[in-house]
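Report on the following structure.
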Amino acid sequence: MIERRAGLFLLLLLLGITAYRVWVVASSGLNLYVDEAQYWYWAQHLEWGYYSKPPVIAAIIAATTSVCGDSEVCVRAGSLLLYPLSTGLLFLLAKRLFDAKVALLAAVLFITLPAVSLSSTLISTDVALFFCWTLALYAFVKALESDAWGDWLLLGVALGLGMLSKYTMGIFLVSALLYVVVARRFDVLLNRRAWFAVLVMALMFAPNLWWNWQHDFPTFKHTADIAAASTQGALHWDEFSEFIGGQFGVFGILLFPLLAWVIMKGKVAHKALLLSFALPFLLIITLQALFGRANANWAAPTYVAATLLVAGWLQGRWKLLTLALLLNISLGLLVYHPAPLNYLLKSDLHKRLKGWEVIGEQYLALQQQYPQAILLSDSREVLSELVYYARPQGLRGVSWNPQHQLRHHYDLVTTLDGKVGDDFLLVTKNPLAADVAGYFESSQALEPLHVEVHPTYTLDYHVFLLKHFKGLVSP
């Protein structure tokens, strides 16, 4: 009876929160962020890989937009759908490890985490990673108990989908091995069904490896460059401090220090298991921040197991629980309705999600005057945003890349080859340089693109009509 009531309450809660978040996204008028717009572009050209990410994010957007269209709400619908599903999986996992009360508590804590509140209104690779990590942990726990082929298969599928979502899913294997050692479950290493799960993961991941091999491993090189930047030079204590401070915004102002307390002193059932799937991810990304740079959200899967740890410890401590929830819900509401903070800070917290719809309209007005001209830019941001906000013309955009560098996805998939004699509309932050104009027979400055988002933030771009491309010869 308690389990049924807990499940029904959670279902109603998730429906209510999701409906509210749909309303927030639909009514906010916020534009797609540069990465979101780029992911939408990827969804128009489904592949097994892309310059900086594996393919699942594009597949999610392709699926949601095929159902309800290309509005911002539909582009972000994957987040609105997958976080409730991840919460449901967490509930099932917690119920297996603890009981229905702790499961409900963990689910409520998770769906109201500040990181989840923010990420639910955007589309990012964290969305699928959270889901796959939670599913994999649920399958791993079940498989250890049952040793059933179906549970190991589910684990392999979850791991495969996770690797196709974000490569940091590989840390799950580190966590699993750590638990095997700590719990002295060495029988798992001799279990052919466990290796079957690894094989399933490898087979699912193989198409991405093949795509990378065909394109000279751009995704791996991009990931390696990020890692290399984090292993050179002196220790970056400023980045370390910023990352640690960011975890208060990811997990919660009170929940993050509570997590530290539980790790050191708290008594919780299945602590070894949950620590094995929380600490490695957090420590690896913390070290990356110390040696270079790491965004606060990069350690997000830590908080699947961490939520279970804290929920198990908080059971019965209702004052602390209530305060933690109120703080997290307040942070979430400020994310959705930032007017009070905007007033205090005399800024606009959403400024980077505004203005591009207007820029797109201004660009299309110029495009109508020169219908044969092709969008050209030296900026990933411009190409990504205009791909979406100046569609369909923006989809023809080409990266200005005469040196054949590989800086972003548009360098990989667009080319100036075969465009000798064509005209272009160059959109750039910079004045027209002589070494750019020299590749064309003539150049003309057009009306710039401009929108004031906030008195402290504007979008300004030069536009040049470049006529009769000469080809990639020395200007």
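When the residues of the stretch 319-339 are narrowed to those that are of a type in the set (A, V, I, L, M, F, W, C) and either under 25 Å from residue 454 (Cα atoms) or under 22 Å from the mean Cα position of the chain (by Cα) (or both), which ends up surrounded by the fewest Cβ atoms within 10 Å (Cβ to Cβ)? That would be 339. Is it the case that some residue within the stretch 172-190 is in a loop (DSSP other than H, G, I, E, B) and free of Cβ contacts under 8 Å to residues at least 60 places away in the same chain? Yes, the stretch 172-190 contains at least one residue that is in a loop (DSSP other than H, G, I, E, B) and free of Cβ contacts under 8 Å to residues at least 60 places away in the same chain. For residue 117, the conditions (1) among the hydroxyl-bearing types (Ser, Thr, Tyr); (2) open to solvent by 30 Å² or more (accessible area, probe 1.4 Å); (3) more than 26 Å from residue 220 (Cβ to Cβ); (4) under 26 Å from the mean Cα position of the chain (by Cα) are fulfilled apart from (2).
Of all residues in the stretch 286-300 being polar (S, T, N, Q) and outside any loop (DSSP other than H, G, I, E, B), which is surrounded by the most Cβ atoms within 10 Å (Cβ to Cβ)?
So, considering only residues that are polar (S, T, N, Q) and outside any loop (DSSP other than H, G, I, E, B), the one surrounded by the most Cβ atoms within 10 Å (Cβ to Cβ) is 288.
Return the only residue of 267, 351 being more than 30 Å from residue 428 (Cβ to Cβ) and among the charged types (D, E, K, R).
267
Can you confirm whether the stretch 303-318 contains a residue that is surrounded by fewer than 18 Cβ atoms within 10 Å (Cβ to Cβ), in contact with a strand residue (DSSP E or B) (Cβ under 6 Å, 6 or more places away or on another chain) and over 22 Å from residue 171 (Cβ atoms)? Within the stretch 303-318, not a single residue is surrounded by fewer than 18 Cβ atoms within 10 Å (Cβ to Cβ), in contact with a strand residue (DSSP E or B) (Cβ under 6 Å, 6 or more places away or on another chain) and over 22 Å from residue 171 (Cβ atoms).
Can you pull out the residues in the stretch 269-285 that are of a type in the set (A, V, I, L, M, F, W, C), assigned to a loop (DSSP other than H, G, I, E, B) and open to solvent by 20 Å² or more (accessible area, probe 1.4 Å)?
269
Among the residues of the stretch 347-380, those identified as open to solvent by 70 Å² or more (accessible area, probe 1.4 Å), among the charged types (D, E, K, R) and over 14 Å from residue 453 (Cβ atoms) are 361, 380. Within the stretch 381-419, being open to solvent by 30 Å² or more (accessible area, probe 1.4 Å), within 19 Å of residue 221 (Cβ to Cβ) and not in a loop (DSSP other than H, G, I, E, B) holds for 412, 413. All of 332, 249, 316, 312 fail the test of being in a loop (DSSP other than H, G, I, E, B) and closer than 30 Å to residue 138 by Cβ, apart from 316.
The values are calculated or read from the model by the stated rules, or taken from the named source; none is laboratory data. Source: prediction; values computed, not measured. Don't worry about glycine lacking a Cβ; one is built from the backbone with ideal geometry, like all the others, and counts go over all protein chains shown. Areas reflect the complete protein model, heavy atoms only, side chains present, ligands, DNA and RNA absent. Shrake-Rupley method; radii C 1.70, N 1.55, O 1.52, S 1.80 Å.
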